[in-house]
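Engineer: Please read through the structure below; I'll follow up with questions.
Just so it is clear, none of the values below were taken in a lab; they were calculated from the coordinates. These numbers were taken from a predicted model, which means no experiment stands behind them. Every residue, glycine as well, gets a Cβ built from its backbone with ideal geometry; the counts of neighbours run over all protein chains shown.
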Amino acid sequence: MKKLSIFIIGVIFIALTVVTTSCKKDKQNVKTTTKPSDQQGSSAADGAMDDVSDFVNNKIGGGSTHRSSAYNLPCGVVYIDSSTNNASGNKIYKMHYGSQTPCGYVMKSGIVTFDIVTGTAFNAAGTVYKITYKNYVVESLANGETVEVNGYITIENVNGGYIWQAVVPPTTTIVYRVRGNFAVTYKDGTVRNKSYFQLRTYASANSWAGLSLSVDGDTVDANLNKIYEIGKTYDGNYSYQTEAINPFVWSNCGTTYAGPYVLKTAHARMNITIPAISPTYIDVQGGYYWNYNNASATPSLVNDCTTNAYKITTVIGTTTTSQYQLY
């Protein structure tokens with residue numbers, strides 16, 4: 001099964017540049033190739049989490065046999081060692097990343113381990129497995145910036161089953177509850193901590209063609225909707241909370257496991273605490289179609305397989321601006 005990468009917060013952090021540069025005139029734009037961004041830490045952690053999920057569901061769980069495709073190690077992984085056990089007697093899997101082969105526009109190194117900490121089988125209801133980042137480094141080939149991730153993420157298999165069982169009869173809905181705390185160290189030594197609170201749901205009403213992935217926040221704040229990430233910004237060290245107003249939903253717009261998977265619906269808001277400026281937030285809504293070949297075209301909200309753009313609204317005190325950005 002093709003991995004569905006979850007870089008939910010990336011576009012929000014790109015928009016965050018507007019906020020931080022409004023408060024610091026001497027700062028450069030995050031989108032230049034000479035400066036790190038908050039997106040890098042979340043993207044690095046999510047990428048390794050996808051690699052682990054791929055191994056658990058397609059290698060251990062046999063998912064590759066249900067898609068008529070052989071299993072290959074994730075890009076950047078040199079080998080996987082499972083020669084040791086944890087205190088509960090479950091195997092500890094160690095993904096060793098090497099820095100010899102580019103993975104798209106990044107290089108990876110370090111170790112990511114994962115092991116079952118509650119239960120005995122990855123596909124059993126209630127099983128919890130832990131992903132631990134040990135000096136896991138991702139380097140951008142575009143600008144030479146690096147992020148090093150240390151910490152952990154836990155994944156609870158709420159209903160049981162492997163992801164491919166959402167599409168192979170008798171089908172079931174696969175629900176993962178994600179929790180995590182990890183530190184991101186940038187090339188200049190700056191350290192920022194992040195926490196995850198997510199609910200990921202895989203479901204299908206029509207085999208591979210009907211497969212969808214929904215990512216929602218899983219912590220309810222009395223004054224906000226569901227929160228799925230909290231942390232501090234790289235620029236300014238401002239506290240933020242990102243809430244899911246509506247879940248991010250990727251749907252298979254093809255007929256096989258290969259997709260393409262399209263982000264049909266999404267709505268999130270990043271609330272940032274900046275002294276003396278309130279309110280300060282960035283609202284991101286997906287599901288728009290933008291005919292970018294027509295300079296005068298206005299994007300429209302369609303929430304179907306033609307969607308290709310976000311609407312980004314930035315509020316800084318009494319100033320509100322909106323723009324559109326392609327996926």
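Engineer: Is it possible to state the helix-based mean residue ellipticity at 222 nm for the chain, with each DSSP H run of 4+ residues giving -39500 (n - 2.57), the sum divided by total residues, to the nearest 500 deg cm²/dmol? What is it?
Structural biologist: That calculation yields -3000 deg cm²/dmol at 222 nm.
Engineer: By the scheme Lys and Arg +1, Asp and Glu -1, what is the net charge of all other residues having a beta-carbon under 12 Å from that of Ile92? The partial results should precede the final answer.
Structural biologist: Working: positive: Lys91, Lys94, Lys130, Lys134; negative: Asp81, Asp115.
Taking every other residue near Ile92 into account, the sum is +2.
Engineer: Please give the net charge around Thr314, taking every other residue with its beta carbon less than 12 angstrom from that of Thr314, where Lys and Arg add +1 and Asp and Glu add -1. If you can, show how the numbers build up before the last one.
Structural biologist: Details: positive: Arg269, Lys311; negative: Asp283.
Net local charge, Thr314 excluded: +1.
Engineer: Measure nothing but the geometry: give the 0 to 90° angle between the long axis through the Cα atoms of 10-23 and the longest principal axis through the Cα atoms of the chain, rounded to 10°.
Structural biologist: With both axes taken from Cα atoms, the answer is about 30 degrees.
Engineer: Quick check: pseudo-label points 7 Å beyond the Cα along Cα→Cβ at Tyr105 and Asp188, how many nm apart are they?
Structural biologist: Output for this residue pair reads 2.0 nm.
Engineer: Sticking with this structure for a sec: Need one number: nm distance between label points at Thr255 and Leu73, each 7 Å from Cα along Cα→Cβ, rounded to one decimal.
Structural biologist: Taking the simple label geometry, Thr255 and Leu73 are separated by 3.6 nm.
Engineer: Give me the percent relative contact order of the range 10-326, please, defined on Cα pairs under 8 angstrom at least 6 residues apart.
Structural biologist: Values: 771 pairs, mean separation 30.7, N = 317.
Normalised by residue count, the contact order of the range 10-326 is 10 percent.
Engineer: How long is the gain from Thr173 to Ala124 if the chain were fully straight, where each residue apart is worth 0.36 nm and the alpha carbon distance is subtracted? Kindly include the intermediate steps, with their values, before the conclusion.
Structural biologist: Values: separation 49, 0.36 × 49 = 17.64 nm, distance 1.32 nm.
Going from the current span to full extension adds 16.3 nm.
Engineer: On a 0 to 90 degree scale, rounded to 10, what angle separates helix 39-54 from the longest Cα axis of the chain?
Structural biologist: Here the helix axis deviates by roughly 20 degrees.
Engineer: What is the Cα radius of gyration of the range 10-326 over 2.2 N^0.38 Å, N being its residue count? Working shown, then result.
Structural biologist: Details: Rg = 20.1 Å, N = 317, 2.2 N^0.38 = 19.6 Å.
Compactness ratio reported: 1.02.
Engineer: Another question, if that's okay. Enumerate the whole-percent occupancy of each 10 Å bin, from 0 to the last occupied one, for all C-alpha pair distances of the range 71-191.
Structural biologist: Per 10 Å bin, starting at 0, the Cα pair percentages come out as 13, 33, 35, 17, 2, 0.
Engineer: For the range 135-182, place one equal point scatterer on every Cα, skip the solvent, and apply the Debye formula. What is log10 of I(q)/I(0) at q = 0.13, 0.15, 0.21, 0.28 Å⁻¹?
Structural biologist: -0.54, -0.63, -0.75, -0.96
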